[in-house]
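**Q** I have a structure I would like to understand better, so I am pasting it below and will then ask my questions one at a time.
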Amino acid sequence: MTTRFEPVRRRLRIKILLTSAAVLTLVAVIAAWALNRYVVEHVQIANASEYEASVVDSSSDSTSTIGEAQVTITEASYGSGSDEATYYVADLELSDITQLQSAFAQDSFGLNIIETTSAIADDAGANFAINGDYYGFRTTGIEIRNGVVYRDEPARIGVVFYDDGTMAIYDETTTSAQELADDCAWQTISFGPALVDDGSIVDGIDQIEIDTNIGNHSIQGDQPRTAVGMISANHFVFVVVDGRSSESAGVTLPELAQIMSDLGATEAYNLDGGGSSTMVSDGDLVNDPLGKNEERATSDILWIG
C-alpha cells in the first residue's frame, strides 16, 4: 500500500513546490514593480529652474517693476474639546502673480523625487512656502509650473492661477495643458477636491477620493490639511491645518471648506494633506505636522520670495 501511493505523494510535493515558487516569483515581481513605481526616482527633467528659464518667452517685458509681496501669518482654531484643530492662515497680497512661484524637490521634475518643504524652500530662496500637490506620487494631472507645461494627463478637477492674478477651479478633462498655457496659465495644481467655487462651498466633497492606487489612504475624516484660496485678484489665503495629534484633531473637507469660505475665499482648493501639510516662513516651520514637529518629504512647493 505504501509503495503504491508514494508516486502520488511525490507528485503532490512537486506541485506544492511549484506553486510556492510561483507565488514567491509573483511576490517578487509585485515588490519590484512597487519599488520602481513608488520609491525609485525617475527624473524626467533635471535642473527644472534652468529648463524654465530656457522655455520662458523671450519677448516678455523684463523691465517691468514688481513690488514686494505682503505675507501675514496668523494662528486660529476650529471646533472645541477633543475635536479642536489648530490652523495657520497666510494672507498673501501680491503685486503680480509671478511672485507666486513653484519649485520641485531637488530642482527636478519626475516621479518619487522628494525633499522636505523646508529643504525645497531653502534651495529656492523662499521666504514663505507651503507644500504643493505631491505631483510626483502620480502620473496623471495637468501640471503647469511658472508658466511652463510639465505634464498633460487630464484626470480630475484642478485649479489654475492665471497671469492676471485670478484663480479658477476647472475640469482637467475638458481642456489641455496647451490650451491653458495659451490662456496665460501661470500655475496649475492637480489634487483636490475643489472646496469653494464661485463663492459657494462645493457639494459632495465628503464623498470624493483623489487616488485609488496602491498605498493610498482615504482623504476623508479629520486630517491635517493644506488649502489655497482667492479673495480677489492677487489676494490669496493659504491655510495649513494640524491634525492626528493630541494637540490638534484636524478637520474634515467640509470643515476646511467652511474655514476657507469664512476667510472670504471665492475660490478654494484642497492640496496634499496628512504629513505633507507644511507651512514654512523665513526658514522656520510654522505648524507642527502630525504633532511630531517633523516634516514629511514631498515633491513640490508653492513659495514667495
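**Q** Anything in the range 75-93 that is under 20 Å from the mean Cα position of the chain (by Cα) and under 15 Å from Thr252 (Cβ atoms)? List them, or say none.
**A** Listed by number, the list holds a single entry, Tyr87.
**Q** Can you confirm whether Ala121 is at pLDDT 95 or above, small (Gly, Ala, Ser) and buried (at least 21 other Cβ atoms within 10 Å of the Cβ)?
**A** Yes; evaluated as a whole, the condition is true for this residue.
**Q** Which pairs do you get when a residue that is not assigned by TED's automatic domain parsing to the domain that holds Gly221, found in the range 237-254, comes within reach of a residue that is modelled with pLDDT under 95 and of a type in the set (Asp, Glu), reach meaning Cβ atoms under 6 angstrom, with the pair 6+ apart or on two chains?
**A** Final answer for the pair search is none.
**Q** For the range 99-110, give me each residue that is touching a Phe, Trp or Tyr at 6+ places or on another chain (Cβ under 8 Å) and either farther than 17 Å from Phe238 by Cβ or modelled with pLDDT under 95 (or both).
**A** Phe109
**Q** Between residues in the range 278-299 that are assigned by TED's automatic domain parsing to the domain that holds Gln223 and surrounded by fewer than 14 Cβ atoms within 10 Å (Cβ to Cβ) and residues that are modelled with pLDDT of 95 or more and among the aliphatic types (A, V, I, L, M), which pairs lie under 8 Å by C-beta distance while being six or more apart or on different chains?
**A** These pairs meet every condition: Gly283/Ala121; Asn293/Leu285.
**Q** Filtering the range 20-56 down to residues that are of a type in the set (Ser, Thr, Tyr) and at pLDDT 80 or above, which residue is farthest from the chain's Cα centre (by Cα)?
**A** Top of the filtered list is Thr25.
Yes/no matrix, rows are residues, columns are (1) among the β-branched types (Val, Ile, Thr); (2) touching a Cys at 6+ places or on another chain (Cβ under 7 Å); (3) more than 24 Å from Ser190 (Cα to Cα):
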{"position": "Arg37", "(1), (2), (3)": "no, no, no"}
{"position": "Tyr51", "(1), (2), (3)": "no, no, no"}
{"position": "Val56", "(1), (2), (3)": "yes, no, no"}
{"position": "Thr72", "(1), (2), (3)": "yes, no, yes"}
{"position": "Leu100", "(1), (2), (3)": "no, no, no"}
{"position": "Gln106", "(1), (2), (3)": "no, no, no"}
{"position": "Thr117", "(1), (2), (3)": "yes, no, no"}
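**Q** Looking at Ile205, Ile130 in this structure, which one is touching a helix residue (DSSP H, G or I) at 6+ places or on another chain (Cβ under 6 Å), assigned by TED's automatic domain parsing to the domain that holds Phe238 and crowded, with 18+ Cβ neighbours inside 10 Å?
**A** Going through Ile205, Ile130 in turn, just one is touching a helix residue (DSSP H, G or I) at 6+ places or on another chain (Cβ under 6 Å), assigned by TED's automatic domain parsing to the domain that holds Phe238 and crowded, with 18+ Cβ neighbours inside 10 Å: Ile205.
The values are calculated or read from the model by the stated rules, or taken from the named source; none is laboratory data. This structure is a prediction, so every number in the text was calculated from the model and none was measured. Counting neighbours? That spans all protein chains shown, and the Cβs are built from the backbone with ideal geometry, glycine included.
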